[in-house]
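Here's the structure we're looking at; comments come further down.
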Amino acid sequence: MPKAAATTAAGALVVVFIAIGAGEAGMFDPIVSQAIDDAAQFLGALAAVACCLWTAPRYSGGQRAWRLWLAFGMTGWSIGQLISSYN
């Protein structure tokens, strides 16, 4: 793994652990904790869509197809998350 990718992954893990720890420790109001959770799920789905669409053109056949299908599914999850978060 390149150094920049490893640093980014480590930074993301630190942010996730801090957010989970702060939420579980009761440092945030329950509404704020729910908003953080909803945003994290939405951003995770968008990141998956972006990764699939970014890497799909590099491949052909089945390798491209599963990436495009996964991007399609994650787009549906993103839309569902937005609807769920709004309600």
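The values are calculated or read from the model by the stated rules, or taken from the named source; none is laboratory data. Keep in mind it's a predicted model, so treat the numbers as computed, not measured. Note: ideal-geometry Cβ built from the backbone for every residue, glycine included; neighbour counts use all protein chains shown. Calculation scope for accessible area: heavy atoms of the full protein, side chains included, ligands and nucleic acids excluded. Shrake-Rupley method; radii C 1.70, N 1.55, O 1.52, S 1.80 Å.
Taking only segment 55-87 into account, find how many residues are within 26 Å of I36 (Cα to Cα) and either in a helix (DSSP H, G or I) or among the hydroxyl-bearing types (S, T, Y) (or both).
Within segment 55-87, residues that are within 26 Å of I36 (Cα to Cα) and either in a helix (DSSP H, G or I) or among the hydroxyl-bearing types (S, T, Y) (or both) number 17.
Going by what's in this entry, would V15 be described as among the aliphatic types (A, V, I, L, M), more than 19 Å from L82 (Cα to Cα) and within 16 Å of the chain's Cα centre (by Cα)?
yes
Among A56, A47, which is open to solvent by less than 80 Å² (accessible area, probe 1.4 Å), free of Cβ contacts under 8 Å to residues at least 12 places away in the same chain and on the phi < 0 side of the Ramachandran plot?
Just a single option satisfies the conditions, and that option is A47.
Yes or no: segment 60-81 includes at least one residue that is aliphatic (A, V, I, L, M), farther than 20 Å from V15 by Cβ and open to solvent by 90 Å² or more (accessible area, probe 1.4 Å).
Within segment 60-81, one or more residues are aliphatic (A, V, I, L, M), farther than 20 Å from V15 by Cβ and open to solvent by 90 Å² or more (accessible area, probe 1.4 Å).
List every residue pair whose Cβ atoms sit under 7 Å apart, with the two residues 6 or more apart in sequence or on different chains, where the first one lies in segment 1-29 and is in a helix (DSSP H, G or I) and the second, anywhere, is open to solvent by 50 Å² or more (accessible area, probe 1.4 Å) and of a type outside the set (F, W, Y).
A19/I36; G23/I36
Name every residue in segment 32-49 that is over 19 Å from I18 (Cβ atoms) and either out of contact with any Leu (no Cβ under 9 Å at 6 or more places or on another chain) or of a type in the set (V, I, T) (or both), in order of residue number.
A45, L46, V49
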